[in-house]
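The structure under discussion appears below in the form of structure tokens.
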Amino acid sequence: MARLTCYGGAGATTGANFLLEFGGKKILVDCGMLQGAGEAKTENAKKFSYDPKEVDFLFVTHAHIDHVGLIPKLYKEGFRGEIYSTAETKNIAKLLLLDAAKINADKETPLYGPEDVSACFAAWHELHYHEPKDFGGFTLELFNAGHVLGSAMLKFSTPRGKSMLFSGDIGNSPSPILPDVEKVIGLDYLLMESVYGDRNHESKSERDLKFEKAVSDGIKRGGTILIPAFSLERTQIILYELDNLFESGRLPAVPVFLDSPLAIRITEIYEKVKNLYNAVSEKDKREGDDIFKFPKLKETATVRDSREIAKVPGAKIIIAGSGMSSGGRILAHEEMFLPDPNSTIILAGYQAAGTLGRQIEEGVKEVVIDGSRVAVKAKMEIIHGFSAHADSDALVRFVEASAGTLKKVFVAMGEPKSAIFLAQRLRDELEVDAVVAEKGKVYELDL
Ligand SMILES: [Zn+2]
């Protein structure tokens with residue numbers, strides 16, 4: 001018998017943290033930070049509900065902070081087991097965790113310091129997709145989740161021929177740069193995400209048209225186009241789309257600033273990898289197109305370069321974090337350009353309640369940035385289709401591949417209404433035993 005306990009990522013989208021116990025081993029999948037306003041801060045600071053010293057392995061699905069953000073804290077509380085992920089997840093996680101430690105350092109009681117981040121990377125090993133590894137008592141194989149670079153679904157198999165898959169986050173295929181989410185068949189158990197369990201996205205072609213029109217109209221007005229963007233995946237997709245639009249002549253060449261040291265470094269990781277793109281972008285690369293670069297792109301790593309951007313006259317595009325305008329360099333640009341009616345702000349991602357991005361999305365006429373009142377006169381464009389998560393229909397199709405063999409599906413990593421809706425769809429449409437994973441509850445599994 002095996003036991004599964006969801007310590008995080010159950011009843012909430014973020015904070016993924018799952019414990020699987022079998023064959024005398026304690027195995028963690030992901031150790032993420034709970035994000036958002038309110039209780040997240042105190043929850044993240046609490047001691048883990050299990051003893052980190054007893055954990056043998058930590059397997060990581062992908063580098064988003066809600067899947068890796070508490071790994072250094074796990075180390076700080078005594079975890080000395082081995083960590084495994086793809087090389088890309090490891091490399092990107094390192095950048096994101098060092099950045100998180102830096103932001104953390106300003107807090108009264110930091111969750112961890114850069115020394116804890118460095119320490120966990122000494123025990124962090126790399127795995128490749130489709131190269132099953134035997135861990136003595138179980139085998140692990142990684143499948144491509146198509147969500148962000150390096151993202152993997154983890155399939156654990158036992159000597160009894162049983163298996164369980166942890167989906168991590170499931171990508172929104174087709175992605176402009178990543179391969180499609182892989183289908184995994186013959187599973188006994190599945191623990192899956194449900195961020196968009198109750199909604200479908202606009203199609204990719206609709207999204208592309210909307211994005212092109214928003215940028216093109218903004219350029220025609222001659223103002224500044226602000227794009228608050230997450231540094232992992234969203235920024236690279238936007239660079240890729242802009243590269244295509246400029247190269248095909250559908251947009252006139254205007255200066256584009258990538259104003260985020262973190263996004264610049266993550267884009268470098270994207271540029272270095274080989275064989276992890278989909279066929280189209282792989283072909284572009286082979287033919288010599290640097291898919292994230294174009295002549296008028298300027299990376300502004302230093303604060304001084306960042307300040308110079310405001311002096312550039314006429315139409316220009318600024319991509320900066322954070323994606324929800326809750327911090328980062330985008331704030332200074334928003335303070336400067338939101339009052340200008342010729343400016344445009346493109347919201348290309350989910351804006352959580354309580355963030356500045358959400359206020360702008362809701363259409364308020366004035367916001368407060370760094371203590372100053374700032375009028376919002378810029379034109380606002382909202383584009384939802386840039387999500388890196390599969391929508392409700394795609395999630396159902398994903399489960400369908402294994403519907404004949406599945407004993408149970410645990411629906412997790414979504415807001416309760418999303419998770420409940422998806423579990424219901426899985427029961428009704430695929431006749432599988434789908435339950436909404438409950439935090440802290442112990443599930444017995446026949447593995
Ligand atoms: Zn993710």
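The values are calculated or read from the model by the stated rules, or taken from the named source; none is laboratory data. None of these values were measured; they are calculated from a predicted model. Virtual Cβ from ideal backbone geometry, glycine too; neighbours counted across all protein chains shown. The area values use the complete protein model at the heavy-atom level, side chains included, leaving out ligands, DNA and RNA. Shrake-Rupley method; radii C 1.70, N 1.55, O 1.52, S 1.80 Å.
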### Summary
Once all protein chains are kept in place, Arg265 shows an accessible area at probe 1.4 Å, nearest 10 Å², of 130
### Query
Which Cα, out of Val195, Ala403, Pro313, lies furthest along the positive dipole direction of the chain (beta carbon charges, K/R +1, D/E -1)?
Pro313
### Task
Give the accessible area for Asp290 in Å² (nearest 10); use a 1.4 Å probe, count only protein heavy atoms, and leave out ligands, DNA and RNA.
70
### Task
Would you mind working out the magnitude of the charge dipole of segment 3-129 relative to its Cα centre, with +1 at each Lys and Arg C-beta and -1 at each Asp and Glu C-beta, to the nearest 20 Debye?
160
## Note on the structure
Stretched fully, the stretch from Glu54 through Asp370 gains (0.36 nm per residue minus C-alpha distance, one decimal, in nm) 109.3 nm
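Determine the per residue accessible area of the chain with all protein chains present and a 1.4 angstrom probe, expressed in square angstrom.
Working: 18610 Å² over 447 residues.
Heavy-atom accessible area per residue stands at 42 Å².
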### Task
Considering only DSSP beta bridges where both residues belong to segment 268-383, give the percentage that are antiparallel (nearest 5).
50
### Task
Take the alpha carbon atoms of segment 378-431, find their center, do the same for segment 1-43, and report the distance between the two centers in whole angstrom.
19
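Hey, got the dipole for the chain? About the Cα centre, +1 on K and R Cβ, -1 on D and E Cβ, debye to the nearest 20?
On the way: 55 positive and 65 negative charges, 125 e Å.
Charge dipole of the chain: 600 debye, to the nearest 20.
With all protein chains present, how much of the accessible area of segment 238-356 (probe radius 1.4 Å) comes from carbon and sulfur, to the nearest whole percent? Write down the numbers at each step before the final one.
Values: 2980 of 5320 Å².
Carbon and sulfur together cover 56 percent of it.
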### Task
Would you mind calculating the gained length between His128 and Ala352 on full extension (0.36 nm times residue separation, minus the Cα-Cα distance), in nm to one decimal?
77.2 nm
### Summary
Per-residue ellipticity at 222 nm attributable to helices in the chain (runs of n ≥ 4 DSSP H, -39500 (n - 2.57) apiece, nearest 500 deg cm²/dmol) works out to -9000 deg cm²/dmol
### Query
What share of the DSSP beta bridges in the chain is antiparallel, in percent to the nearest 5?
45
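Using the Kirkwood formula on the Cα atoms of segment 186-332, what hydrodynamic radius do you get, in angstrom to one decimal?
Working: mean 1/r = 0.0593 Å⁻¹.
Hydrodynamic radius (Kirkwood, Cα only) of segment 186-332 equals 16.9 Å.
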### Task
Between the alpha-carbon centers of segment 228-269 and segment 141-192, tell me the distance in whole angstrom.
28
